Amino acid sequence: SMDVAIHNVYERYWEKGKKVETPTHEPFRVLKDSILYLDLTMLSSEELRKQMERVKAYKGIIFDMRGYPKALDCSSIVAPCLYPHRKALFYYSYADYWQPGVFRKNPYWQEFGTENPNYYKGIPVVLVNGLAMSGSEHIATIIGNAPKGYVIGEPTCGVLGNVLYVPFVSGVATRITGRGVYWPDGTCTYPGGAKIDQYVYPDPEAIRQGKDAMLEEAVKYIQERKD
């Protein structure tokens, strides 16, 4: 029996796969009828924190989570602003090392938010699609579970757990989910992913015309809410 350490697995097998893409729009902007748009795939922690400090001035917020968040602490920035109280959304399972093949329920639930009577009382909407995975799905669920939260889009990846990197001798590597993530009612988040309130799928003609059907539907939803 011996321990073997393979260094820099993350950098070698994940970071090198990222491509720098030229942004096609601003990471934040004010839309019509006092609606704020925030692209969580583009906003840094500092930028996101600055935007969240002034969200009370807006009737609604549209969070774009169609991709992976740029700010790794995104959930700890967004949740305290949207929640009046701490809230548990998931529980996890873990492998029993003493009994291979046996997985047990972790009795400790992960809670989000804080006690905040001055939480945002407008309408938060989050956009998701097939590019939303893991951390993205956590954030989408956090926003969707806010008092007036709403999730619009298409099915997400359904891989909410932590990631384990498995390198092979050939130099090829893969990644697997390292634990089970469950909803409060006991159902697994795999493979369904984040729960969606309104399904909206890309329309080929709208794409050719440069329209964003999900964004338009989110604006419409906020405008039509009476509260």
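Here Gly67 passes the criteria (1) at pLDDT 90 or above; (2) at negative phi; (3) among the small types (Gly, Ala, Ser) except the one numbered (2). Residue pairs whose Cβ atoms lie under 8 Å apart, sitting 6 or more positions apart in sequence or on different chains, and linking a residue in region 29-56 that is on the phi > 0 side of the Ramachandran plot to a partner that is among the aliphatic types (A, V, I, L, M), are Asp33/Val219; Asp33/Ile222; Ser34/Ala57. Taking region 153-182 as the search range and keeping residues that are more than 15 Å from the chain's Cα centre (by Cα) and not in a strand (DSSP E or B), which one is surrounded by the most Cβ atoms within 10 Å (Cβ to Cβ)? Ranking the candidates gives Gly180 first. For region 183-194, the candidate set comprises residues that are of a type in the set (A, V, I, L, M, F, W, C) and assigned to a loop (DSSP other than H, G, I, E, B); within that set, the residue that is nearest to Tyr94 (Cα to Cα) is Trp183. Can you tell me which residue is least open to solvent (accessible area, probe 1.4 Å) among those in region 199-227 that are farther than 21 Å from Leu38 by Cβ and among the aliphatic types (A, V, I, L, M)? Looking at residues that are farther than 21 Å from Leu38 by Cβ and among the aliphatic types (A, V, I, L, M), I get Ala206. Of the numbered criteria (1) at pLDDT 95 or above; (2) over 15 Å from Val78 (Cα atoms), the one Leu36 fails is (2).
Would you confirm whether or not region 121-140 contains a residue that is without any contact (Cβ under 8 Å) to a residue 12 or more places away in the chain and not in a loop (DSSP other than H, G, I, E, B)? Checking region 121-140: not a single residue is without any contact (Cβ under 8 Å) to a residue 12 or more places away in the chain and not in a loop (DSSP other than H, G, I, E, B). Within region 82-107, the only residue that satisfies the criterion of being assigned to a loop (DSSP other than H, G, I, E, B), free of Cβ contacts under 8 Å to residues at least 60 places away in the same chain and under 17 Å from Ile139 (Cβ atoms) is Arg86.
Scanning region 50-74 for residues that are surrounded by 16 or more Cβ atoms within 10 Å (Cβ to Cβ) and of a type in the set (Lys, Arg) yields Arg66, Lys70.
The values are calculated or read from the model by the stated rules, or taken from the named source; none is laboratory data. Note that this is a predicted model, so its numbers are computed, not measured. Here Cβ is always computed from backbone atoms with ideal geometry, including for glycine, and neighbour counts include all displayed protein chains. What goes into the accessible areas is simple: the full protein's heavy atoms, side chains included, and nothing from ligands, DNA or RNA. Shrake-Rupley method; radii C 1.70, N 1.55, O 1.52, S 1.80 Å.
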